[in-house]
Amino acid sequence: AQTVLLVRNNRAEVVLTPGQSPGALPQAQLNEGQIATEAQLLVNRSSLRQVVQRAGLTPPGAAGDALEQAVRSLEKELKVIPNPKASMITVRYANQDPQKAANVLRQLLATYTDKHIRVHQAAGTDF
């Protein structure tokens, strides 16, 4: 299974000019560092642990070595391909069961979305 994540830059740079009110200009282009940060957020150990549990890659209630082994296995099987010029990250995961592969990618994107919102929300705002 494969999914493509389009990474948008919603941050704005504040521009100060003499005699004018500050205005915010959105940054259109993402740089390689920003794409790499998002790719790391996508597949960090904490995220993968959640994916393993949500996607049922271990028996219910599995912990310790069994959980960590499943996380390491998923980490090896995921192929993450950042494409900074297109502001995209491609993620591939293969499994004998196509539905399981698709579910793993769905859980990965759901986990990423949760973490992305928490990391990038402005201080003092709650959703």
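The values are calculated or read from the model by the stated rules, or taken from the named source; none is laboratory data. Model, not experiment: these values are computed from the prediction. Heads up: the accessible areas ignore ligands, DNA and RNA and are worked out on the full protein's heavy atoms, side chains in. Shrake-Rupley method; radii C 1.70, N 1.55, O 1.52, S 1.80 Å.
Could you report the accessible area of E68 in Å², rounded to 10, computed with a 1.4 Å probe on the protein chains as they sit in the structure? Its accessible surface works out to 50 Å², give or take rounding.
Students sometimes get this wrong: rank K100, K115 by accessible area, probe 1.4 Å, all chains present, largest first. Write down the numbers at each step before the final one.
On the way: K100 75, K115 25 Å².
From most exposed to least exposed: K100, K115.
Using a probe of 1.4 Å on the protein chains alone, the accessible area found for S73 is around 50 Å².
For the range 52-127, the gyration tensor built on C-alpha atoms gives an oblate shape. Its axis ratio a/c (a ≥ b ≥ c) is at least 1.5, and a/b is not larger than b/c.
Which order do R106, R49, R72 take by accessible area at a 1.4 Å probe, largest first? If you can, show how the numbers build up before the last one.
Working: R106 140, R49 75, R72 110 Å².
Of R106, R49, R72, the descending order of accessible area is R106, R72, R49.
Taking all protein chains as they are arranged and a probe of 1.4 Å, the heavy atoms of T3 leave approximately 30 Å² accessible to solvent.
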